[in-house]
Amino acid sequence: MPAIVWKGFISFGLVSIPVRLFAAARAESIHFHMLHRKDKSRVKEVFYCAEEDKPIQRSDIEKGYEVSKGKYVVVEDEELKKVAPATATTMEILQFVANDEVDPIYLERSYYVGADEKTTKPYALFVAALEASKQHAVAKIAMHNREHIVLIRPSEFGLVLHTLYYANELHEANRGRSGHAKFSAKELDLAKTLVTHLKAPFKPERYKDTYRANVERLLEEKRKGQKITVIKQPRERPVTDILEALKRSLEKSAKAQKPKSSIAKRKAA
């Protein structure tokens, strides 16, 4: 049984829909342990009291917010629960937006929104209303010691919820600058043709984490005492003749697609 991340209600007008949130995805990566270089033993994290100059137990730790240099306000977990907003138990829908209106740059984390098994009709009705109107819902929810703005949308699995970054959390200073470079109509036509050549239905299962696979192979080779397989890195150079680069890209794309088309023809025959 998957772990429930949050349990409460979606408030839609005077309708309250009981729901549960489940994590929709988790990044998979290889985790390394920290070892002592001298004897290869595990290194443990130690909590240390700077004032008494000695290690302490986790049970001796409490939360504190620094209000001035060396001065803290101590806060207990129970006190934080007492000041939690209403959105800790009820997601209030603030507005509805067109299903293509929110820029994906605001998307943070994704969750599946599960219906309560005893009252599925309000949930199903809400999904159908979003699909028919081509709208997504914007709501607020408090979880993980933070109040989030969220986007709720329908999918083939039911409702999916995305937590959103607040506007002031986007690093505007890091935005790229496109400039005002000019290009010819021929260059644009070739670029559009290349896009068309590479266009295909999105099938996420086609894509694999090559870096993780390489690290797993590295670990296996080292375990067996074998020579490490070195991956040759491409030598990229700045484009000086974009027209020529586009032409070569189209040629490469056409060659890559030839075997696929010939296989398809043989199957059809």
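The values are calculated or read from the model by the stated rules, or taken from the named source; none is laboratory data. Owing to the predicted nature of the structure, the values given are computational and were not obtained by experimental measurement. Note that we place each Cβ from the backbone using ideal geometry, even for glycine, and neighbour counts take in every protein chain shown.
Just checking, which of S59, S29 is among the hydroxyl-bearing types (S, T, Y), free of Cβ contacts under 8 Å to residues at least 24 places away in the same chain and either exposed (fewer than 11 other Cβ atoms within 10 Å of the Cβ) or closer than 30 Å to I149 by Cβ (or both)? Break it down into steps so the answer makes sense when it comes.
Numbers: S29 fails: free of Cβ contacts under 8 Å to residues at least 24 places away in the same chain.
Among S59, S29, only S59 is among the hydroxyl-bearing types (S, T, Y), free of Cβ contacts under 8 Å to residues at least 24 places away in the same chain and either exposed (fewer than 11 other Cβ atoms within 10 Å of the Cβ) or closer than 30 Å to I149 by Cβ (or both).
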task: Identify the residue in region 48-76 that is assigned to a strand (DSSP E or B) and of a type in the set (D, E, K, R) and, among all such residues, is farthest from the chain's Cα centre (by Cα).
output: K54
message: Could you go through region 188-198 and let me know if any residue there is modelled with pLDDT under 90, out of contact with any Gly (no Cβ under 9 Å at 6 or more places or on another chain) and farther than 21 Å from K255 by Cα.
response: yes
message: K247 - would you say it is surrounded by 10 or more Cβ atoms within 10 Å (Cβ to Cβ), at pLDDT below 90, of a type in the set (D, E, K, R) and outside any loop (DSSP other than H, G, I, E, B)?
response: yes
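Does E101 satisfy the condition of being part of a helix (DSSP H, G or I) and either assigned by TED's automatic domain parsing to the domain that holds F157 or exposed (fewer than 12 other Cβ atoms within 10 Å of the Cβ) (or both)? Walk me through how you get there before you give the answer.
Numbers: part of a helix (DSSP H, G or I): no; either assigned by TED's automatic domain parsing to the domain that holds F157 or exposed (fewer than 12 other Cβ atoms within 10 Å of the Cβ) (or both): yes.
So E101 does not fit the description; no.
Would you confirm whether or not region 18-37 contains a residue that is over 30 Å from D116 (Cα atoms) and of a type in the set (V, I, T)? Show your work before the answer.
From region 18-37, those over 30 Å from D116 (Cα atoms) are 29-37; that's our starting set.
Narrowing the set further to residues that are of a type in the set (V, I, T) leaves 30.
Within region 18-37, one or more residues are over 30 Å from D116 (Cα atoms) and of a type in the set (V, I, T).
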task: From the list L190, L164, pick out the single residue that is in the same structural domain as P104 (by TED's automatic domain parsing) and either among the aliphatic types (A, V, I, L, M) or in contact (Cβ under 8 Å) with a residue 60 or more places away in the chain (or both).
output: L164
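Being of a type in the set (S, T, Y) and either exposed (fewer than 10 other Cβ atoms within 10 Å of the Cβ) or not in a strand (DSSP E or B) (or both) is the requirement here; does S16 meet it?
For S16, the condition - of a type in the set (S, T, Y) and either exposed (fewer than 10 other Cβ atoms within 10 Å of the Cβ) or not in a strand (DSSP E or B) (or both) - is not met.
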- line: Listed by first then second residue, the pairs whose first member lies in region 75-103 and is under 24 Å from R20 (Cβ atoms) and in contact (Cβ under 8 Å) with a residue 40 or more places away in the chain, whose partner is of a type in the set (F, W, Y) and surrounded by 13 or more Cβ atoms within 10 Å (Cβ to Cβ), with beta carbons under 8 Å and at least 6 positions apart or on separate chains, are T89/F9; T90/F9; M91/F9; I93/F12
